[in-house]
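Everything on this sheet refers to the single structure shown next.
The values are calculated or read from the model by the stated rules, or taken from the named source; none is laboratory data. Given the structure is predicted, the values throughout are model-derived calculations rather than measurements. Because the Cβ atoms are built from the backbone with ideal geometry, glycine has one as well, and the counts that use them run over all protein chains shown. Calculation scope for accessible area: heavy atoms of the full protein, side chains included, ligands and nucleic acids excluded. Shrake-Rupley method; radii C 1.70, N 1.55, O 1.52, S 1.80 Å.
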Amino acid sequence: MKIDDYALLLKLNEIGTIRGTAKAILISQPAVTQRLKYIEEYFGQSIFIRTSKSLMLTPAGELILEHANKVITEEQAIKNTIVRSGEEVQGTLSIACSTIISQRFLPAILAEYTRKFPKVAIDLVTGISEDIKRDHKNYHVCIIRGEKLKESTCERLFDDPLYIFDTEPFPKNKLKERPLISFKSDDSMHELVDNWLYHHQDQIKPQKAIRVDQIETCKQFMKQGLGMAVLPESVSDFMMDEYPNIPLKLNGKAVTRDTWVCYQEGIRKLPQVDHFINAIIDKTFL
């Protein structure tokens, strides 16, 4: 058995389908099926039951998956020990990052980082902060928005003020009724917007909700005049002079989204992780 075979079992169990796993690891579906057949022949047991919807672990499969977890963990521990003992910064740096930060800021940070440390392999996952928080222990570093992670060391990177944009002006002393376009985000973002709208219901009244998946889609819908959109400054700085907007404020204070870098205690003993955390903390974002 190779280490990749154990990793495949873990990925199959995580995703739940052969087709989805093949797509995730970028190999063909028949190749995944053939490798799984080899592994089951090696152990002399069926590891998964194939149902119409997903793969289900057999009792033997549960034991084998537990063993696979141990093998992967021990393998990574050995690699990390070797990296710590070496003079050159190398190894793997695993990052889970909020989509907004990964699109707007992370490319430049990683470009500079990889120029300094070319032997470090980057393992990057992006998504909404709620999903990252749920699986945060699977990564060396998490860059999230909203509430910081519990049971982790977290350092605030920057506060991101929110603005509401439209192609039509925001009149004073008159109720503005327009559709509100929102993008997929975690609950804390939607709570900030809903709370602000509640306290400004005499000024702004959304006619209906238009929901889209990506923040870029939200921006384009707004630019085409389909409605209002609440956007963070980090992705709208070039729009301030072009489109009518007002900052979100409550009791005279700006409504903002905090951005955090979070990591487990002791992880900075890994040089590749420590250098990355230093790089992102030193970054000026807004």
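Entry note, the chain: the mean residue ellipticity at 222 nm calculated from DSSP H runs of n ≥ 4, each adding -39500 (n - 2.57), is -13000 deg cm²/dmol after division by the residues and rounding to the nearest 500. Once the 1.4 Å probe is applied to the protein heavy atoms, the range 75-125 comes out at 56 Å² accessible per residue. Shown here for the range 167-276: chymotrypsin sites (Phe, Trp or Tyr not before Pro) in loop regions (DSSP other than H, G, I, E, B) with at most 14 other Cβ atoms within 10 Å, namely 238. Ligands, DNA and RNA excluded, the heavy atoms of residue 27 present near 60 Å² of accessible surface to a 1.4 Å solvent probe. Sites listed here are GluC sites (Glu not before Pro) in the range 35-128 whose DSSP assignment is loop and whose Cβ has at most 11 other Cβ atoms within 10 Å: 87, 88. Surface listing: 222, 56 arranged by accessible area from highest to lowest gives 56, 222, probe 1.4 Å. For Rg and Dmax of the Cα atoms in Å, several values are listed as (i) 30.1, 99; (ii) 23.3, 76; (iii) 28.1, 115; flag the one computed from this structure. Entry (ii).
The mean sequence separation of alpha-carbon pairs under 8 Å and at least six residues apart, normalised by the residue count of the range 1-110, gives a relative contact order of 24 percent. Helix 29-43 sits at what angle to the longest principal axis of the chain, using alpha carbons and giving 0 to 90 degrees rounded to 10? Rounded to the nearest ten degrees, it is 40.
DSSP finds beta bridges in the chain, and of those with both partners inside it, around 55 percent are antiparallel.
Calculated FRET efficiency, residue 284 to residue 50, Cβ-Cβ distance, R0 = 30 Å: about 0.05 to the nearest 0.05. Over the range 59-190, the fraction of Cα-Cα pairs per 5 Å bin, rounded to whole percents and listed from the shortest bin up, is 2, 8, 12, 15, 15, 14, 11, 8, 6, 3, 2, 2, 2, 0. If you sort 136, 199, 275 by accessible surface, 1.4 Å probe, largest first, the order is 199, 275, 136.
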